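The values are calculated or read from the model by the stated rules, or taken from the named source; none is laboratory data. Values in this document were obtained by computation on a predicted structure and should not be read as measured data. Neighbour counts are summed over all protein chains in view; Cβ atoms, including those assigned to glycine, are modelled from backbone coordinates with ideal geometry. When the accessible area is computed, the model is the full protein with side chains, heavy atoms only, and any ligands, DNA or RNA have been set aside. Shrake-Rupley method; radii C 1.70, N 1.55, O 1.52, S 1.80 Å.
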Amino acid sequence: MALICFTNLARAIEIGANSYLLEIGGKRIVLDSGLHPRMDGPLALPQMDLVPDDSADAIVLTHAHQDHVGSLPVAMRRHRRAPVFMTGATCDVGKVMLHNSVNVMTRRAEGNSSNAILFSHREIDGIAKRWSPLPLHTPVNLSGERLGSGESDGVSIELFDAGHILGSAGVLIRAGGKRVFYTGDVNFEDQTVMQAARFPEEPLDVLIMETTRGDHETPASYSRESEELHLATAIREVLERGGCAFIPLFALGKTQEILAMFSEFHRKGLLDPVPIYIGGLSTKLTELYDKLADQIPRQKQRLQLMDIPGLFTLSGTEGMATRIRNNRIYALSSGMMTEKTLSNALAGQILSDPKDALFFVGYADPESNAGVILSTPPGAPVRLNSGQLAQPLRCEVRQFSFSGHATRESIRAYVNKVRPKTVVLVHGDPPAVRWFQETLGADLPDSKIISPQPGMRLELE
């Protein structure tokens with residue numbers, strides 16, 4: 001029987017720098033290697049010292065969001081012999097995201113210690129040559145060799161579409177008759193671009209699962225179709241009163257989903273084509289979505305997002321100095337409105353104008369600028385940058401629900417379908433983790449439901 005041990009390499013129970021060590025069949029597999037979005041330098045890294053250098057037998061990446069891929073160059077520096085597996089799309093997107101991470105670290109390090117810059121553009125180009133792209137539903141051993149149907153060769157891994165963003169995957173690890181599945185970030189419902197996850201449905205020994213949305217239930221009246229209609233109506237009302245609709249977005253995933261929505265709004269007559277502005281990293285990633293449209297599971301494979309009528313791009317210093325104009329849509333990154341990003345630089349022009357609107361369509365960390373705005377009462381002062389004066393919040397502010405993460409109800413249904421002997425809860429804030437612990441404990445009284453403390457090595461089987 002294969003001994004299975006798990007170590008949570010994150011620094012806290014939260015949505016931060018995701019990374020986990022799975023020991024199975026005498027092998028060590030690092031699952032994801034993220035970077036904390038609010039931290040700088042070494043504090044942004046997972047607890048990599050818990051995995052001795054050059055001891056990992058493989059690294060597996062589920063997708064290319066920074067909280068899952070952002071510290072990969074550091075992990076590969078410490079484990080130079082370990083093969084690195086991910087989908088082909090994640091290889092393409094990961095390079096773009098990591099190069100952007102260098103740019104972000106460089107900007108943040110201005111006037112501070114250079115140790116905030118954890119890796120270089122040259123290092124990324126070098127390590128990317130060691131990445132091994134894997135097709136979905138194709139078992140391989142830890143040397144990357146494909147296995148035939150029913151064939152067993154020590155420890156094997158197999159990727160399954162996770163329905164979250166371009167290239168996202170869950171990973172099934174088999175060894176000694178045991179089956180361990182790590183969801184990564186998952187969505188079990190169709191989005192505008194991405195199709196719903198297609199995960200294994202056979203019983204599992206261990207399920208390592210995200211818990212992002214465990215802190216709130218989905219209203220019975222909610223449907224994605226009705227939420228899209230609400231957004232289209234809200235944008236139309238802003239444009240009719242002569243204002244602009246300002247939508248802060250994550251560059252990877254959310255930008256492309258919203259652009260696909262705009263295309264559908266045009267097709268259904270819900271919204272007349274007007275100038276739409278995206279910029280910077282969002283442009284590069286949207287071009288990748290178009291390039292790989294026929295190579296991955298997705299909706300509307302022929303839809304080319306960069307060809308949407310009225311789409312314009314902003315970039316560089318010229319983009320940061322753009323003057324906001326009425327009767328337009330600005331769909332700009334970052335979604336958290338972090339300093340020195342397009343959404344942060346330009347939002348100050350609309351905050352005090354009642355004609356304009358600020359629409360949030362995804363997760364907003366309460367401590368981010370986006371979270372602060374959402375909690376600020378109308379008319380109260382708000383400041384987006386430490387060096388600026390506060391201004392009264394008079395624009396319309398609304399939040400819409402288009403999460404790329406699975407609802408807690410759909411995750412619960414999946415867990416009850418595969419009925420794992422052990423469930424390991426990760427990637428969630430404490431209230432979300434507690435809900436899953438209590439609910440799954442009642443659903444599966446014969447199973448172990450574990451919330452692993454950071455840094456603690458647990459024997460699971």
On the protein heavy atoms, probe 1.4 angstrom, tell me the percent of accessible surface of the stretch 1-140 carried by carbon and sulfur. 53 percent
Along the Cα→Cβ direction, 7 angstrom out, place labels at residue 236 and residue 43. What is the inter-label distance in nm? 4.8 nm
Rounded percent of accessible protein surface that carbon and sulfur make up, the stretch 185-330, 1.4 Å probe: 47 percent
Note down the nm distance, to one decimal, between modelled labels 7 Å out along Cα→Cβ at residue 3 and at residue 110. 5.2 nm
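When a/c is below 1.5 the answer is rounded, else prolate if a/b is larger than b/c, else oblate, so apply that to the stretch 116-214 with a ≥ b ≥ c taken from the square roots of the Cα gyration tensor eigenvalues.
Here the stretch 116-214 falls in the oblate category.
Using a 1.4 Å probe, what is the accessible area per residue for the stretch 43-165, in Å²? Write out the running numbers ahead of the final one.
Details: 5070 Å² over 123 residues.
Per-residue value: 41 Å².
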Taking 4 °C and 1.567 mPa s as the conditions, I'd like the Stokes-Einstein D for the chain in µm²/s, using the Kirkwood hydrodynamic radius from alpha carbon pairs. 57 µm²/s
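So for each of 57-63, 362-368 I average, over its residues, the number of other beta carbons within 10 Å; can you give me the resulting order with the highest mean first? Could the numbers behind the result be given before it?
Working: 57-63: 25.4, 362-368: 16.7.
Those peptides, ordered most packed to least, come out 57-63, 362-368.
Return the FRET efficiency for the residue pair residue 400, residue 291: r is the Cβ-Cβ distance, R0 is 25 Å, and the value is rounded to the nearest 0.05.
On the way: r = 28 Å, r/R0 = 1.13.
It comes out at approximately 0.35.
Counting heavy atoms of the protein chains only and a 1.4 Å probe, report the per residue accessible area for the stretch 339-397 as a whole number of Å². Can you show the working numbers first?
Details: 2640 Å² over 59 residues.
Counting only protein heavy atoms, the per-residue value for the stretch 339-397 is 45 Å².
Net charge around residue 53, counting only other residues with Cβ within less than 15 Å of its Cβ (Lys, Arg = +1; Asp, Glu = -1)?
Details: positive: 28, 77, 78, 80, 81; negative: 49, 54, 57.
Net local charge, residue 53 excluded: +2.
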Between the modelled labels at residue 226 and residue 312 (7 Å from Cα along Cα→Cβ) the distance in nm is 3.7 nm
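Using only the Cα atoms of the stretch 409-459, build the gyration tensor, take square roots of its eigenvalues as a ≥ b ≥ c, and label the shape rounded, prolate or oblate: rounded if a/c is under 1.5, else prolate if a/b is larger than b/c, else oblate.
Numbers: a/c = 1.96, a/b = 1.32, b/c = 1.49.
Oblate, since a/c reaches 1.5 and b/c is not below a/b.
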Helix 281-291 versus the longest principal axis of the chain: what is the Cα-based angle in degrees, 0 to 90, to the nearest 10? 60 degrees
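Tell me, what is the per residue accessible area of the stretch 415-460 in Å², probe radius 1.4 Å?
On the way: 2200 Å² over 46 residues.
Counting only protein heavy atoms, the per-residue value for the stretch 415-460 is 48 Å².
Answer rounded, prolate or oblate for the stretch 213-334, using the Cα gyration tensor with square roots of eigenvalues a ≥ b ≥ c: rounded when a/c is under 1.5, else prolate when a/b is larger than b/c, else oblate.
rounded
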